[in-house]
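In what follows, a single structure is set out as structure tokens and then discussed.
The values are calculated or read from the model by the stated rules, or taken from the named source; none is laboratory data. For clarity, every value in this text was computed on a predicted model and none was experimentally measured. Here the Cβ positions follow ideal geometry from the backbone for every residue, glycine too, while neighbour counts run over all protein chains shown.
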Amino acid sequence: MDNKGLNTKQVGNLFGVDESTVRRWSLAGKIKCSSSAGGHRKFSYKDIIDFSKTRGLKLNQSKETLDKTIIINEILNHSLNNNSSLIELILIKLYLNGTELTNIMDDVVESTLINLQSKLDKKEISIAEEHIARKIISKSLNGFKLSIINDNSKNKKNILCLNLENDIPDLPIDMIQILLENINYNVYNCGSHTSIKDVKKLLEKQTYKAIFIYLCDRQCCTSTIEDNIKKTNKDLKAISILAKKYNIKLFLGGPSFKNINENVLKNFNKFTKYSEVLSLI
């Protein structure tokens, strides 16, 4: 199985039917597919998801394959073994089986990142290995996003997502983007190291309904440590002033806000779990 999709047999196994049933689905136009030069059918994840939604079908899975602990360990191992395609397939299967996106982010992806950080803290892996694993998970999430997001969104409201200048990781912001795009928002993702100067330029050129910022406390993030907290508070205050000027709602996520100035925090809607994003917006 690769990140380009599944063959006829694999799709059959996915839904617990034989290959001839999948071929009949394909010939009847119920499920889209592409054909190789040799005539072999290939079903993209997006087409499989669209078919599943249209027909109301769920996967043929054992209790073991739905066990969150097993799933998290599998994703962790795949990330450390540089295998993004298998992680993407796990996420696709969870989604096809009806697992809410918020649960995938909170209970699966975030839990995997916590376990990854734990391995680093215990010196079971190096910093370089941790960074590579996070990149692999990020790549998997991007492929997953392309398979589930509706490209024909009618919602033209824009949302800006960013990390502050001293925050490196994009993963939390990427997860927020997936959740928001899934409810048809147009998301502009600045990623990491976004300066106030750049934020000002963006707000001058485009109208945004909201801005989402995430403050991480893992080793790869430095915006919340003592050396940088003064600048972080200054930047958050500057963003709150800009938001008031342009009538933009502000959202601040992360595991802890203990070092953030209380007066600054008052300007933000706060969240600690990804499931809270949708209820706040």
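Residues of the range 186-206 that are free of Cβ contacts under 8 Å to residues at least 40 places away in the same chain and touching a Lys or Arg at 6+ places or on another chain (Cβ under 9 Å): 186 alone. Within the range 1-34, being in contact with a Gly (Cβ under 8 Å, 6 or more places away or on another chain), polar (S, T, N, Q) and surrounded by 19 or more Cβ atoms within 10 Å (Cβ to Cβ) holds for one residue alone: 3.
Regarding the range 35-51, can at least one residue be identified that is farther than 17 Å from residue 144 by Cβ, loosely packed, with under 15 Cβ neighbours inside 10 Å and modelled with pLDDT of 85 or more? Scanning the range 35-51 turns up no residue that is farther than 17 Å from residue 144 by Cβ, loosely packed, with under 15 Cβ neighbours inside 10 Å and modelled with pLDDT of 85 or more. Of all positions in the range 252-263, at least one carries a residue that is within 27 Å of the chain's Cα centre (by Cα) and modelled with pLDDT of 90 or more. Reported count of residues in the range 94-116, each being surrounded by fewer than 17 Cβ atoms within 10 Å (Cβ to Cβ) and on the phi < 0 side of the Ramachandran plot, is 5.
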